[in-house]
Amino acid sequence: MIAIVGASGRIGSKTTEALLAAGKKVRAIARHAEKLQPLVEKGAEAWVGDSADAAFLNKAFEGAEAVLLIISTDMQVPDVKAYQDSIGLAQIEAVKAQGVKNVLFISSQGGHTEEKTGIVAGVARQEQRLHALEGVNVLILRPTYFMENTFNSIGMIKNMGINGSGIKGDRAFPVIASHDIAVVAAEKLLNLPFEGKSHLDLLGARDYTLQEMTQLIGAAIGKPELPYVEFSYADQKAGMMQYGMSESVADAFVGLQEGINIGQLSAGVRDAASTTPTTFEWFAENVFKHVYQAV
Ligand SMILES: NC(=O)c1ccc[n+]([C@@H]2O[C@H](COP(=O)([O-])OP(=O)(O)OC[C@H]3O[C@@H](n4cnc5c(N)ncnc54)[C@H](OP(=O)(O)O)[C@@H]3O)[C@@H](O)[C@H]2O)c1
């Protein structure tokens, strides 16, 4: 049996489906039962609870030959570091208590350091805790910035006719489709055990600038002149808070953008293993366009 934390999410759901299709028993863990229902219909066992609750996770991990862990972000928490650490510590406690032998952790580019990585510092701290576990095989996936993050710009494109963020328009960095991460996660979980402690960078098909991604989005949605506008960090933070983010979370996301601008989120080495198939050209035309039209 494999336990998947965040099973109704983008990576978790596709990973769970692949494991079920291969005949694995899966415990699908998340807080909202209704979002787990499609997986239950495919054969998963729903475990509804909070990943910050060590007693709950302890039961959910009982008998697991492997677990997939994520640390997700709640946009309104007053102290993002405390929130991330409460989840990370509960997961470590449950892995230890149940003697889980194989852990796959979805970290991020930048997960090698807490310095100038913003929101990613939370997964960097979890990487360190996982490294300190004795007798546990740990495979850390370090995916880059998700292509799906561009969905956050749909309101801005519709209401203001621009795409924009605090990331420099001409800064090239890797972007990945979350589905490609799930393919790797499932393949690794179907070939247990992991060996010792290791990490794998996942960097998408190639690097893009936001100017280029904005052009591709513009072409896909019939707005070929769509401009990319670089915001000051202060304006970016104010904008995020206006949409309901706590100050602590907004600071952490602005910190991530600063980290991208200085190359702190591009430590991964591009090679055959870290390069994944989906291009942003394909994503803009086949995914972004349809989500944009549906909103
Ligand atoms: N976005 C990026 O660019 C990026 C880049 C690199 C790495 N990552 C990492 O990738 C991770 C996974 O991303 P994703 O897109 O697959 O996630 P997602 O689609 O946002 O889904 C999050 C999942 O976690 C569950 N969840 C959230 N809080 C929980 C809690 N406290 N206890 C139990 N379950 C909880 C959610 O369901 P419920 O709400 O029902 O609980 C959902 O199933 C992120 O957390 C992030 O650390 C992201």
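Worth a mention:
- Of all residues in region 19-33, exactly one satisfies the criterion of being open to solvent by 60 Å² or more (accessible area, probe 1.4 Å), within 21 Å of the chain's Cα centre (by Cα) and of a type in the set (D, E, K, R), namely Arg31.
- With respect to the stated conditions, Leu200 is out of contact with any Asp or Glu (no Cβ under 7 Å at 6 or more places or on another chain), touching a residue at least 60 places away in the same chain (Cβ under 8 Å), part of a strand (DSSP E or B) and not charged (D, E, K, R).
- The requirement of being of a type in the set (Asp, Glu) and either open to solvent by less than 20 Å² (accessible area, probe 1.4 Å) or within 11 Å of the ligand (Cβ to nearest atom) (or both) is fulfilled somewhere in region 52-65, by at least one residue.
- Residue among Pro193, Pro174 that alone is surrounded by fewer than 20 Cβ atoms within 10 Å (Cβ to Cβ), in contact (Cβ under 8 Å) with a residue 60 or more places away in the chain and in contact with a Lys or Arg (Cβ under 9 Å, 6 or more places away or on another chain): Pro193
- Of all residues making up region 236-258, the number that are open to solvent by 30 Å² or more (accessible area, probe 1.4 Å) and within 10 Å of Ile167 (Cα to Cα): 1
- Filter result (open to solvent by less than 30 Å² (accessible area, probe 1.4 Å) and more than 7 Å from the ligand (Cβ to nearest atom)) within region 1-12: Ile2, Ala3, Ile4
- Residues of region 220-235 satisfying the condition of being open to solvent by less than 70 Å² (accessible area, probe 1.4 Å) and out of contact with any Phe, Trp or Tyr (no Cβ under 8 Å at 6 or more places or on another chain): Gly222, Leu226, Pro227, Tyr228, Val229, Phe231, Ser232
The values are calculated or read from the model by the stated rules, or taken from the named source; none is laboratory data. Everything numeric in this text was worked out from a predicted model, so none of it was measured. Cβ atoms come from the backbone with ideal geometry, glycine included; neighbour counts cover every protein chain shown. Keep in mind that these areas ignore ligands, DNA and RNA; they rest on the heavy atoms of the full protein, side chains included. Shrake-Rupley method; radii C 1.70, N 1.55, O 1.52, S 1.80 Å.
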